[in-house]
């Protein structure tokens, strides 16, 4: 990619920041009803991950948020936080995920996403034991290799390949239509491995999401591939 085409996220965001803040607002997709036939029931950790990935690819905010616990925290990879102090304290809650993705998927900003491709591949599963009761399972940690491609505008693609770690546990507040146990994501950590390729913007998942933060008046500077 040439230096002209390989603009960083910061450069583009700086050009559009005033307009973006003016028009983003808090609009939501017009269809608020999740079509349950589109997604597997969250009746196992594996089906939860499958629903999470499919909802993200479909840019379905409600289905995506349904996979997250109310107390969920997303942790940016350490490299992003070290390089960009404006992203301190380095994590945010479900309410911020909600706000980010309504802007990202809602079509109301110059940075609205056209389409997304996401694949997750499970590389490790760890059983987590309850504190003080090692015989009781408290949840599971799933490590996933991610391949995320985000298309913005006519010919711009962000590509993130950082692996992520998801802590999954039983949803205490919801059950399936026939009383099935459901599962939810309580913690999401993006790990410090970056991928890049020619003609694509070098990015992490968290840095892409950070473009849509209201409180981030300037986006983090992400090195561009050449």
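The values are calculated or read from the model by the stated rules, or taken from the named source; none is laboratory data. The model shown is predicted, which means the values in this text are computed figures rather than measured ones. No Cβ is skipped: glycine too gets one built from the backbone with ideal geometry, and neighbour counts run over all protein chains shown.
Quick notes
- Test: residue in region 149-157 that is over 17 Å from residue 64 (Cα atoms), surrounded by 19 or more Cβ atoms within 10 Å (Cβ to Cβ) and either more than 19 Å from the chain's Cα centre (by Cα) or at pLDDT 90 or above (or both): no
- Flag for residue 137 being exposed (fewer than 12 other Cβ atoms within 10 Å of the Cβ) and either part of a strand (DSSP E or B) or without any contact (Cβ under 8 Å) to a residue 24 or more places away in the chain (or both): no
- 2 or more residues under 18 Å from residue 163 (Cα atoms) and modelled with pLDDT under 95: qualifying helices (runs of 4 or more DSSP H) within region 33-98: 78-83
- Residues located in region 119-133, provided they are outside any strand (DSSP E or B) and either touching a residue at least 24 places away in the same chain (Cβ under 8 Å) or in contact with a strand residue (DSSP E or B) (Cβ under 8 Å, 6 or more places away or on another chain) (or both): 131
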